[in-house]
Structures are given as C-alpha cells and as structure tokens.
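The values are calculated or read from the model by the stated rules, or taken from the named source; none is laboratory data. These figures come from a predicted structure and were not determined experimentally. For the accessible areas, the whole protein counts, side chains as well, though only heavy atoms, and no ligand, DNA or RNA atoms are used. Shrake-Rupley method; radii C 1.70, N 1.55, O 1.52, S 1.80 Å.
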Amino acid sequence: GLVSNEYEVMLANGTKIEFKGDGEWYNVDCHSGSVPNSVLGEQICDYIETNHPESYAVEIDRNTFSYDVELNNGLELVFDLSFNFERYED
C-alpha cells in the first residue's frame with residue numbers, strides 16, 4: 001500500500017496540526033481559539049498586533065514560498081519565508 005508521509009495531530013482544545021513526514025508542521029488550524037504566538041513567530045505577531053489589533057490568527061499554513069495566516073475576521077495575510085508581509089489574499 002501507499003505510505004503517507006503526513007501526520008495529523010488533534011489537541012484536546014480542538015486545534016489540528018498537520019505535519020510532513022520530516023516532522024515540519026505545515027498547517028495549524030485553531031478555529032476554536034488563536035494560534036499560539038510561538039507558532040506564528042515574533043514578526044507575524046507584531047504585524048497582526050500593529051495592523052489588526054482587534055483580530056487574532058486562527059490558522060497558519062506553511063507553503064513552499066510563503067506563510068498564509070488567516071485571521072478570525074476572515075482576512076488572509078501572506079508572508080514570505082522570512083516573515084515579511086507580502087499581501088492580502090482574497
């Protein structure tokens with residue numbers, strides 16, 4: 001059979017984390033709460049605090065070229081792999 005090199009972890013609080021086979025996470029889905037600051041990293045946290053102080057991150061995706069962060073108000077922010085803000089995603 002086909003071996004999947006991806007893992008999904010459900011935490012008690014409803015958070016879902018998806019990992020690649022190498023142990024690197026690529027999706028953290030916290031729609032029941034907010035993504036921990038330690039996952040987001042300082043620069044993304046600072047950007048959200050500064051530009052969207054009423055909002056918090058509910059999901060982050062790590063892609064080949066970017067981090068996509070969804071806020072609780074539905075806005076999606078795209079950061080490059082150095083955590084620089086690039087654009088809003090519709």
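Computed quantities for the displayed model
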| item | result |
| --- | --- |
| Karplus 3J(HN,Hα) series, Hz, for the range 6-21 with 6.51 cos²θ - 1.76 cosθ + 1.60 (x for Gly, Pro) | 10, 10, 10, 10, 9, 8, 4, 7, x, 5, 10, 10, 10, 10, 7, x |
| Within the accessible area of the chain (1.4 Å probe), percent carbon and sulfur | 47 |
| Whole-number accessible area per residue in Å² for the range 27-74, which is evaluated in the context of all protein chains at 1.4 Å | 54 |
| Structure-based [θ]222 nm, the chain - -39500 (n - 2.57) summed over DSSP H runs of at least 4, per residue, nearest 500 | -4000 deg cm²/dmol |
